[in-house]
1. Just checking, which of Ser402, Ser351 is within 13 Å of Val415 (Cα to Cα), polar (S, T, N, Q) and at pLDDT 95 or above?
2. Which residues, taken from the range 275-294, are more than 7 Å from the ligand (Cβ to nearest atom), modelled with pLDDT of 95 or more and among the hydrophobic types (A, V, I, L, M, F, W, C)?
3. State which residue is nearest to His234 (Cα to Cα) when the search covers only the range 265-274 and only residues that are open to solvent by 10 Å² or more (accessible area, probe 1.4 Å) and either touching a strand residue (DSSP E or B) at 6+ places or on another chain (Cβ under 9 Å) or within 7 Å of the ligand (Cβ to nearest atom) (or both).
4. Have a look at Ser297, Ser323 and point out the one that is within 23 Å of Thr263 (Cβ to Cβ), away from the ligand (no atom under 16 Å from the Cβ) and of a type in the set (Ser, Thr, Tyr).
5. Only one residue in Asp181, Asp243, Asp160 is modelled with pLDDT of 95 or more, surrounded by fewer than 18 Cβ atoms within 10 Å (Cβ to Cβ) and not assigned by TED's automatic domain parsing to the domain that holds Ala84, so which one is that?
6. Looking only at the range 189-222, which residues are under 31 Å from the mean Cα position of the chain (by Cα) and within 16 Å of Arg172 (Cβ to Cβ)?
7. When you scan the range 322-336, how many residues do you find that are in contact (Cβ under 8 Å) with a residue 60 or more places away in the chain and in a loop (DSSP other than H, G, I, E, B)?
Amino acid sequence: MITTRPRGTADVLPGDAAGWRFVEDAFRRICREYNYGEIRTPVFEHTELFERGVGDTTDIVEKEMYTFRDKGDRSITLRPEGTAPVVRAYLENGLNAGPQPVKLYYTGPMFRYDRPQAGRYRQFHQLGAEVLGSNDPAVDAEIIAMVMDFYGRLGIAGLDLHINSVGCPRCRAELRLKLQDFFRPVQDKLCVNCRGRLAKNPLRVLDCKEERCGALSGGAPTTLDCLCPDCEAHFSRVKGCLDGLGIPYIVNGRLVRGLDYYTNTAFEVMAPDIGAQSSIGGGGRYNGLVEALGGPSTPGVGYALGVERIILAMERQGAPVPSRIRPDVFVAAADPSGEEKALGILFALRSEGLSADKDYLGRSLKAQMKLAGRAGCRLVVILGGDELKRGSAAVRDMAGGSQVELPLEALPREVRKLIGR
Ligand code: HAM
C-alpha cells in the first residue's frame with residue numbers, strides 16, 4: 001500500500017475544503033469588483049521562462065525549482081510562481097495588442113523545493129493578480145489596496161503592510177556599487193551563496209535567509225538611498241494614493257523580495273501571528289519583465305497571496321471559516337418498500353436546487369435519523385408506510401422537532417419553501 005504523500009504537500013479534506021472554497025470565492029468576487037479577468041496558465045512551463053523571468057541568482061531558480069527533462073528531452077519546470085507565466089501568456093496570445101492596461105487574476109498550485117515547515121509547503125496555492133500596460137502609480141496603489149481590502153473582507157486584522165521602492169535599473173546600478181563597497185570588507189563572513197552573489201547581484205544579500213548575512217546587512221545602504229528623481233516621484237505618488245485611501249503602511253528600505261523582476265514598488269504583508277513564515281502576500285512593479293521575456297517594453301505590477309497562510313491567519317484570529325457544508329435535506333425510508341420512492345424524491349429535491357442525500361447501507365429508520373442529525377441536515381423527509389398510502393410523507397424539522405405531513409407531488413417545492421429558498 002502506498003499511503004504517504006510527498007513531503008511538503010497536503011491533502012485538503014472536505015471539512016477543510018469548505019474554508020478553501022470560501023477564500024477562493026471571496027477572491028473571485030473581489031476580482032470581479034475590481035474588474036480583473038481570469039487567466040489559467042499551464043502548471044508547467046519551459047525552464048528558461050523562470051530562469052529569465054525570476055532571475056538566475058534568486059533562491060527560487062538556484063535551489064527551489066522542480067525541473068525535469070520530459071520524454072522529448074525538453075527542460076520543463078513546475079511553475080514556482082505565476083507572474084512570469086502570465087507575462088508569457090500575455091505576449092503569446094497578443095493581449096498586448098488590445099486595449100491597455102490588461103488586468104488579470106489567477107488561482108492555483110505553485111511548486112518550490114524548500115525545507116517544509118509550518119506555513120511553508122512544496123506545493124502551495126496562490127491567489128494572484130497582474131496589471132500589464134500602465135506605469136501609473138495609482139495602479140500600484142489599486143493593487144495594494146485590493147490586497148488589504150481582501151484580507152479585511154476575510155476578517156484578518158492586525159497585518160503589517162511593508163512597502164518599498166527598489167528603483168529602476170539606473171538606481172540599481174548605483175545601489176549595486178554601494179552594496180559591493182559595503183560588503184567587500186566583510187565578504188568572507190557572508191554565506192557561500194552570498195559570496196558568489198556579491199559580484200553578480202549584491203541586492204540578493206539583503207534578502208538572504210542566513211542569519212549571519214542578515215546580521216551583516218544591518219547598516220547596509222538601502223534602495224531608498226539610491227532612487228533617481230523619477231523613481232522618487234513614482235514612490236511619492238504611490239504613498240500619496242495609499243494615504244488618500246487611508247491605508248496604513250510601513251516604509252521598509254530593506255524590502256527587496258525574493259524575485260529579480262521588481263522595479264519601483266515592492267510590498268509584502270506580514271501576519272504576526274502565523275509563525276516564522278509570516279508573509280501572507282506580496283508583490284510589486286516589474287517594468288522590465290515583459291522585455292526580458294522578449295516583448296516590447298511594457299510596465300506591469302501585481303501580487304500573489306498564499307492560500308495556506310491566509311487560512312492559518314483566519315484560524316489563529318478566530319475569523320469565521322466555514323468548516324463543513326451541510327446538506328439541506330435527508331430522505332429516510334421507514335422500510336425497504338419506500339426505497340424507490342425515496343430515490344425519486346431525492347432527485348426531485350435536488351432539481352429544486354436543494355442539497356439532499358439518503359442512506360445507501362440499508363440502515364434502520366432510527367439509524368437513518370441519527371445519520372441525518374450527524375450530517376447536520378435541517379429537514380428529514382420520512383417515507384412511512386401509512387403516509388405513502390395516503391400519497392404523502394412526513395417532514396421533520398431537526399432543530400425544533402416539529403413535523404408536518406405534505407402531499408408527495410407538492411413536496412419538493414414545499415420543502416424548498418421550508419428551507420427558505
Ligand atoms: P512570493 O512572495 O514569492 O511572490 O509569493 C507570494 C506569496 O506566496 C507569499 O507571500 C506566501 O504567502 C506564499 N508562498 C510563497 N512560498 C510559499 C511556500 N513555500 N509555502 C506556502 N506559501 C508560500 C510571488 O510569487 C510573486 N509572483 C508575486 C507577484 C505577482 N509579484 C508581482 N506579481
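The values are calculated or read from the model by the stated rules, or taken from the named source; none is laboratory data. What you see is a predicted model, and the numbers here were worked out from it, not measured in a lab. All Cβ positions, glycine included, derive from the backbone under ideal geometry; neighbour counts span all protein chains shown. Side chains are part of the model used for accessible areas, which takes the heavy atoms of the whole protein and leaves out ligands, DNA and RNA. Shrake-Rupley method; radii C 1.70, N 1.55, O 1.52, S 1.80 Å.
1. Ser351
2. Leu289, Val290, Ala292, Leu293
3. Glu268
4. Working: Ser323 fails: within 23 Å of Thr263 (Cβ to Cβ).
Only one candidate qualifies: Ser297.
5. Matching residue, one of Asp181, Asp243, Asp160: Asp181.
6. Arg197, Asn201, Pro202, Leu203, Arg204, Val205, Leu206, Asp207, Thr222
7. The number of residues fulfilling the criteria is 5.
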